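No value in this document is a laboratory result; all are computed from the given coordinates. Fair warning: this is a prediction, and the values are worked out from it, not measured in the lab. Backbone-built Cβ (ideal geometry, glycine too); neighbour counts: all protein chains shown.
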Amino acid sequence: MLSAIAFAIKMIVAAAFVVALSLGRGESMPRERVGFYALLSVAMAAVTAVSQELGSGLLVGAVFAVIGLISYNQFRKQGELFDTLQSITPLWIVTVTGMCAGAGMLLQGAFLTFLAYYILNYFPSLLGYDRKSEA
């Protein structure tokens, strides 16, 4: 009974991490894709929790391979490196925060969410990249 409650709490925390990331002023995580990213984070939390119970990391490794292939295809499609990184970064961040929540590493997941929030929202301005100046 307690393990089911702990599992449910992990799933809720995984979704909460994504919602916290979407509250930023930047456009790196579009609001219309928050549901998709929350679902991905919850799925990764579930896969990680099941993988821990089975004592095998193959499930998590397979998911990382799939996301790596998606990232590779994205790099091949888009021309500019910065735009590609901005489109792929939320995918990787929600995957890793979901894994942190699924493994029970809530403090590490919260720190990663905090760090990713500032990277997603302030990284373009730190690099001096301004879309309005290019148009």
Which residue, VAL18, VAL96, VAL42, tops the fluctuation ranking in a GNM of the chain built on C-alpha contacts under 10 Å? VAL96
Given a Förster radius of 30 Å and the C-beta distance between LEU23 and ILE70 as r, what FRET efficiency does 1/(1 + (r/R0)^6) yield to the nearest 0.05? 0.75
Pull out a ≥ b ≥ c, the square roots of the eigenvalues of the alpha-carbon gyration tensor of the range 14-108, then state rounded if a/c is under 1.5, prolate if not and a/b is larger than b/c, and oblate in the remaining case. oblate
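Using the number of other C-beta atoms within 10 angstrom as an exposure proxy, rank LYS10, LYS77 with the fewest first. Please report the intermediate quantities before stating the final value.
On the way: LYS10 23, LYS77 9.
Exposure proxy ranking, most exposed first: LYS77, LYS10.
Which FRET efficiency, nearest 0.05, do LEU59 and LEU107 yield, Cβ-Cβ r, R0 25 Å?
Numbers: r = 24 Å, r/R0 = 0.94.
Approximately 0.60, to the nearest 0.05.
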HN-Hα couplings for the range 91-104 via Karplus (6.51, -1.76, 1.60; θ = phi - 60°), in whole Hz with x for Gly/Pro, come out as 4, 5, 5, 5, 5, 6, 5, x, 5, 4, 5, x, 7, x
